[in-house]
Structures are given as structure tokens and as C-alpha cells.
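I have placed the structure first, in the form of C-alpha cells, so that the comments after it can refer back to it.
The values are calculated or read from the model by the stated rules, or taken from the named source; none is laboratory data. Keep in mind the model is a prediction, meaning the values are calculated, not measured. All Cβ positions, glycine included, derive from the backbone under ideal geometry; neighbour counts span all protein chains shown. Heads up: the accessible areas ignore ligands, DNA and RNA and are worked out on the full protein's heavy atoms, side chains in. Shrake-Rupley method; radii C 1.70, N 1.55, O 1.52, S 1.80 Å.
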Amino acid sequence: MNRRDILSGLAALPLLAPTMRLGASPPPRTTIGDQPGADLAVLREAMAIHPGLHRYLSPAAVERNLADFARDYTRAETLDQRYLALSRFLTALRCGHSYPNFFNQSAAVASALFDRPTRLPFHFVWLGRDMVVLADHSGTGALPRGTRVLAVNGLPSGALLDRLMPYTRADGHNDAKRRSLLGVGGAEDIEYFDVFQGLLLPPVGGVHRLTIVPPGGTARRIEVPAIDSAARRAAMTRVPEGADKARWTYRVRPDGVAVLEMPGWAMYNSKWDWRTWLADRLDDANRTRGLVIDLRLNEGGEDCGDPILARLIDHDLSGWGFAGRLRFREVSAALRPHVTTWDKSFYSMGVGGADLGGGWIARPDDGAAMLIQPDSRRLKVPVAALIGPANSSATFGFASAARLSGKIRLFGEPTGGNRRGINGGAFLFTTLPGSGIEFDLPLVGYFPSQPQPDTGLVPDVTVPMTARAIAAGTDPALDAAAAWALASG
């Protein structure tokens, strides 16, 4: 499966202009062009081939959303307003792979929209509607792990979440995925929350005013400095994608259970030999009492979980139970000048596909049907995986395959993605000619053979994270998985 990270390595434009210093004024907003009509025409051409356009919306609902978008986009006076209008429209499609990709904007657009000293100076996670601190980078020492942030700049945290959700992508009505994206954990160069909080609710005077409750304490008010993109990147917890070093970690707990942490599978431009590294660790895992694979921060990328499954299964496994469909044979002449991609065959990928009726075409080379074949090198210890709402592309597929195999027990929380299917597999990176804003257009719709609920995949053992566990530095899901492995070995 593919996700937006493909372009981070293969077709992305420069990420950001030089970063700003703390307390500087936001950069001047770029011009937005005088072609709203041309932008609207390109968007309509793109939507005509979007495979998920009507998965959750009726044709009438799509037309209403297009009309609302056209009104807001035409009235917009700034690039910010047009970016927000496009984000809101694409979010309404309920497609987790359709959005104005932060990483694929031009240098000018990215600098104007994202390079602002508006960010909260801490990492946090949403537990329901509660904002809970993971790490304090404010320099104040006032935000220990497990602190609950009740309000940001006078707005209750739950209301802040409500303001940002309509701009946050996910498949179907999987709001847990949206909350996951709106957390800030140091895994991305540009965090989803930072973009839309900065555009919609920037702080005044370079300072965030918070109402907090530290662990074991009482509510109080504090002020912390707003930080810029450079400070946010300096606090990143994930190894950059292009780095020539390991991006995953492997360790053996004192109880003898091995833990393989895989926070990302986007290896498209990586110089790291992840296959050899992984093979060596799987060999070592056979000398332990069990293996726990931690995927909770992992949206997807390449199918890096297949080598693990291959060491567990006894026969070929079709781990992706969805059929690929298209809504076009060739990209139209009207759309073609405004799109790019990494594989020119995508422009005519529907040619030769069977007509399925209703405007649908079978994908001629449905890569979703690729089989995982057994590996003679076996994993002989109990294997568990930790899953959660971030898992929405290749990791959603891995969790599905793990469940089908019966060889991996799943712990944690329900995944992102959707059992009704997702869109992806191939993309056109579409640029609106007037504003210059890019958005990702998935080309393949994946659909189940039988009707499925509008949900992610539920783990075998549900173990939610809590503010108390965060404050104590414990990991209930990992401990539960390790206990199962020890009892099963």
C-alpha cells in the first residue's frame, strides 16, 4: 500500500523556507491568483475520477459540498482561506488519503502556510476529548508527563478538538484516527495539529495561555512560549526518512520478551537496508520468550510487515481482502496538465480493465491481490502486535492480514482505516493553477466482497492508554502483550 510519504522522497517539492525565530511575525501571505474558476474546474475534473467520492456521500451531498466549497473558495481573500476551504471539502469525502498534502506544496506555499511561530511547546495525545502531555519542551518545567490541558488560550480543549476535526482526514467515520492525527508526538516534520491550529487559532503575542492540571495537582493557569517549526523539528522522536541508519528499534525486556518498535514504514527514499536489519532481528527473536511488534505510531508506507508474516504462515496468505476499482481509463486532457506522479502508467491505468458497470472499471493489475508466501526461516515464539488509530494504510492491511493468519495476537486500540475499504494504491498530485495549492488524489478504490461496518479493526485484546499510565511512564498494552507471550510460550 502507498501513502502520502511516497512523495516525500519521489516527487515532493522543497518542504519549508528558512525557519523563523521565536517571536517573529508570520511571513507575508502569498498572492492567491485570480483564477478561482480554473481551480474549481480542475477540482471537478479530479473528483470525477476519485474512487471514494460516493463511498460515504450521495451524489446530491457531493454537489452540495462542491457548491459550498465554490462559494467559500471564490470569496477567499487569502491563501490561508483557500487552503482551509479545500481541506474542509476534501475532509468531507471521508477519505484518509485525500488532503492538501503538507509535504507536497511548493516552497512558497509551504512557507506561507506552515512556517509560523504558533506551535504549542509540548508533545501530547488526545484521550477522548482530553489533551494529555507526553513531553514538555516549553523550558518552564510546568508540564510533566500526564498533565491534562483543560484549555488553550481560553478555549476548552474539547472545543479546540471540535474546531480542528472538520479539517482532519480519515476513512469513513473513524474519528479515533482524526484524534490520533491531531496529537503531536514528534513523528513528523510537519504535524497536523500545528498546521490547522496555526491557521485557525494562532496565539496572541507569541504566548500560549493554558489551564492545566498536573498529575496529582489542581487546576492552574500558566503561560508558555509559542514555538516555530525549527523548534518542533528539533524535538522530533523519529529518525528522518532519508537517513542511512536504523529507523526502528529492537530490545529484549528483562522478562525475556523482545520488543520491535516500527513507528513508520515509508521506506521509498530510505538508504537504510531495512530488510537485512529486520531479518537479523527476527532471527534473534527465536532466542527470546516472545516477540511484540509495536505499530501504534505507524500510519503505513511499504508492506514491511510481510516478512514477519512470511515466517509465521504455513501456506500462501492473501492478506488484503479488498478488490481494486477505478473510475477512469485515461486521465482527461483537461486534468492532465495539472497533475504529476511517479509512474506514468497511472495516467492510463484503466486501459484494459473490465467494465464493472455503474462507471466502475476493474484494475487490470490489481496489486492488492499479491500473496504473502511462507519463509523457510520460521518464527517459533509467540508473536503479538500493538495496534491503534494511527494504523490506516499498510499497517491497517497488516493488522487485517495478521487477524486472517491467526498467527499474531493483536493488543491495543481499534485501528484507523476502515473495514468498508480505503482509497490509495496510486496517486495523482494535483495542483490548482490559481492558488498553487496541491492535493493528493488517490486513484484506486479498495472494496470488500461483503458489506462491512464503518469502523477500523478491533484488537483481540483492547487495552486503552490512560493519563495515569502516561504520568507513571507505564505501557499497559505492551505489558499485557508481554504477559500473554510469556503465558503462551
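A few points about this structure:
- Residues of the stretch 199-249 that turn out to be assigned to a loop (DSSP other than H, G, I, E, B) and within 30 Å of Thr78 (Cβ to Cβ), as a count: 9
- Residues located in the stretch 207-250, provided they are acidic (Asp, Glu), open to solvent by 30 Å² or more (accessible area, probe 1.4 Å) and either in contact with a Leu (Cβ under 7 Å, 6 or more places away or on another chain) or within 20 Å of Asn153 (Cβ to Cβ) (or both): Glu223
- Answer residue from the stretch 218-259, given it is out of contact with any Pro (no Cβ under 7 Å at 6 or more places or on another chain) and among the acidic types (Asp, Glu) and is modelled with the lowest pLDDT among those: Glu241
- Residue in the stretch 352-380 that is farthest from the chain's Cα centre (by Cα), counting only those that are open to solvent by less than 20 Å² (accessible area, probe 1.4 Å) and either hydrophobic (A, V, I, L, M, F, W, C) or closer than 15 Å to Ile293 by Cα (or both): Leu379
- Residue count for the stretch 178-215, restricted to those that are over 17 Å from Phe124 (Cβ atoms) and at pLDDT 95 or above: 7
- Number of residues in the stretch 397-428 that are within 17 Å of the chain's Cα centre (by Cα) and either modelled with pLDDT under 95 or surrounded by fewer than 24 Cβ atoms within 10 Å (Cβ to Cβ) (or both): the value is 8.
Here's the yes/no breakdown for (1) in contact with a strand residue (DSSP E or B) (Cβ under 7 Å, 6 or more places away or on another chain); (2) part of a loop (DSSP other than H, G, I, E, B); (3) basic (Lys, Arg):
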| position | (1), (2), (3) |
| --- | --- |
| Phe411 | yes, no, no |
| Gly417 | no, yes, no |
| Gly424 | yes, no, no |
| Phe429 | yes, no, no |
| Ser435 | no, yes, no |
| Leu441 | yes, no, no |
| Pro451 | no, yes, no |
| Val458 | no, yes, no |
| Arg468 | no, no, yes |
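- Answer residue from the stretch 173-206, given it is under 30 Å from Thr455 (Cβ atoms) and among the β-branched types (Val, Ile, Thr) and is surrounded by the fewest Cβ atoms within 10 Å (Cβ to Cβ) among those: Ile190
- For Arg325: the one exception among (1) out of contact with any strand residue (DSSP E or B) (no Cβ under 6 Å at 6 or more places or on another chain); (2) at pLDDT 95 or above; (3) farther than 22 Å from Asn104 by Cβ; (4) open to solvent by 60 Å² or more (accessible area, probe 1.4 Å): (1)
- Tabulated pairs, the stretch 405-434, first within 25 Å of Ile313 (Cβ to Cβ), second open to solvent by 10 Å² or more (accessible area, probe 1.4 Å) and in a strand (DSSP E or B), C-beta under 6 angstrom, 6+ apart or interchain: Ser405/Leu317; Phe411/Val461; Gly421/Phe322; Gly421/Phe447; Gly421/Pro448
- Residue count for the stretch 124-172, restricted to those that are out of contact with any Asp or Glu (no Cβ under 6 Å at 6 or more places or on another chain), open to solvent by less than 10 Å² (accessible area, probe 1.4 Å) and hydrophobic (A, V, I, L, M, F, W, C): 9.
- Ile422 fulfils the conditions (1) closer than 22 Å to Pro263 by Cα; (2) in contact with a Lys or Arg (Cβ under 8 Å, 6 or more places away or on another chain) except for a single criterion, (2).
- Test for Leu93: is it open to solvent by less than 40 Å² (accessible area, probe 1.4 Å) and farther than 24 Å from Gly186 by Cα: yes
- Of note, Tyr73 satisfies the criterion of being under 20 Å from Leu201 (Cα atoms) and without any contact (Cβ under 8 Å) to a residue 60 or more places away in the chain.
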